[in-house]
Amino acid sequence: KNWLSFRQNLVDDGIIQNINNNLTFVQDYLFSSPSAAAAIVMGRSANGLTEWKLADGRILKAVESSENKL
C-alpha cells in the first residue's frame with residue numbers, strides 16, 4: 001500500500017515519531033491532498049473530502065462546495 005510506505009518515509013525523515021506507542025507529527029508537513037493526509041493519519045486508504053470534519057460536523061467536501069458558490 002502506497003500510504004504505508006509514505007508514512008514510513010515520514011517516520012524515517014523524523015517528521016513522525018513513535019511517542020508512547022502513538023505515531024505523532026513532531027514537525028509540520030504539507031500534504032499534496034486531503035486524502036493523502038487522511039490516509040497517513042488513519043492508517044488506511046481514505047477519502048479526505050469526506051473524512052476531514054470541522055468542529056461543527058461539516059465535512060471538507062461541503063465546505064469546499066459552499067466556497068465555490070461564492
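The values are calculated or read from the model by the stated rules, or taken from the named source; none is laboratory data. Owing to the predicted nature of the structure, the values given are computational and were not obtained by experimental measurement. Positions of Cβ are backbone-derived with ideal geometry, glycine not excepted, and every protein chain shown enters the neighbour counts. These accessible areas exclude ligands, DNA and RNA; they are computed on the full protein's heavy atoms, side chains included. Shrake-Rupley method; radii C 1.70, N 1.55, O 1.52, S 1.80 Å.
For the stretch 37-60, filtering for residues that are assigned to a helix (DSSP H, G or I), modelled with pLDDT of 95 or more and open to solvent by 50 Å² or more (accessible area, probe 1.4 Å) leaves 3.
Restricting attention to the stretch 18-28, the residues that are open to solvent by 90 Å² or more (accessible area, probe 1.4 Å) and either among the acidic types (D, E) or assigned to a loop (DSSP other than H, G, I, E, B) (or both) add up to 4.
Of the residues S45, S33, the single one that is under 16 Å from W3 (Cβ atoms), of a type in the set (G, A, S) and without any contact (Cβ under 8 Å) to a residue 24 or more places away in the chain is S33. P34 satisfies every condition listed in (1) under 12 Å from the mean Cα position of the chain (by Cα); (2) of a type outside the set (A, V, I, L, M, F, W, C); (3) at pLDDT below 95; (4) open to solvent by less than 80 Å² (accessible area, probe 1.4 Å) except (3).
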